[in-house]
Amino acid sequence: EAAERIAASIDSCDWVNFLGGKWYKFSRVEATKENAAAELIAYLGLDPAEAIAFGDDFGDMGMLRFCGRGVAMGNAMDTVKAVADAIGEDNDHDGVARYLAEHVLSADHN
């Protein structure tokens, strides 16, 4: 209830509860990870299809959908895994590095 009151008091505020605990993120509606990814990709002159995004929580879902390949971490919430193209190892076992080594840097991929 307190989070709802705070969000309602701020224009264009979006908020999300992290993993069902007492942690909340408050930000402007347009301040999303997919918007940040779009800006960076455009700045680099790339196509979103050339990008890989990694995530594990609600705030990552749009970015996972936006990029050409969305990879949910092994420790990701089930709803995040459902929108991902692939699922990697968890954060505690170098999931991003392992995925890149196996799917981007490997000799089989080149």
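The values are calculated or read from the model by the stated rules, or taken from the named source; none is laboratory data. Being a predicted model, the structure only gives us computed values, none of them experimental. Cβ coordinates were reconstructed from backbone atoms using ideal geometry, including for glycine residues, and neighbour counts include every protein chain displayed. Protein only, heavy atoms only, side chains kept; ligands, DNA and RNA dropped before computing areas. Shrake-Rupley method; radii C 1.70, N 1.55, O 1.52, S 1.80 Å.
Per-atom-type breakdown for the chain gives carbon and sulfur 53% of the accessible area (1.4 Å probe, protein chains only).
Accessible area per residue for the stretch 1-103 is 65 Å², calculated with a 1.4 Å probe on protein heavy atoms, without ligands, DNA or RNA.
Once the Cα atoms are used to define both axes, helix 33-43 deviates from the longest principal axis of the chain by about 50 degrees. Using 0.36 nm per residue and subtracting the Cα-Cα separation, the extra length available between Glu89 and Leu40 on full extension is 15.1 nm.
Along the axis of the charge dipole computed for the chain (Cβ charges of +1 for Lys and Arg, -1 for Asp and Glu, origin at the Cα centre), the listed residues Trp15, Gly59, Ser106 are led at the positive end by Trp15. For the stretch 25-110, applying the loop criterion from DSSP together with a ceiling of 15 other beta carbons within 10 Å to the GluC sites (Glu not before Pro) yields Glu30. Each other residue within a Cβ distance under 13 Å of Ala7 adds +1 if Lys or Arg and -1 if Asp or Glu, for a net charge of -1. Cross-link reach is defined here as a Cα-Cα straight distance under 19 Å, omitting same-chain residues fewer than 8 places apart; for Lys81 the lysines meeting it are Lys33.
Of all DSSP bridge pairs formed entirely within the chain, close to 50 percent run antiparallel.
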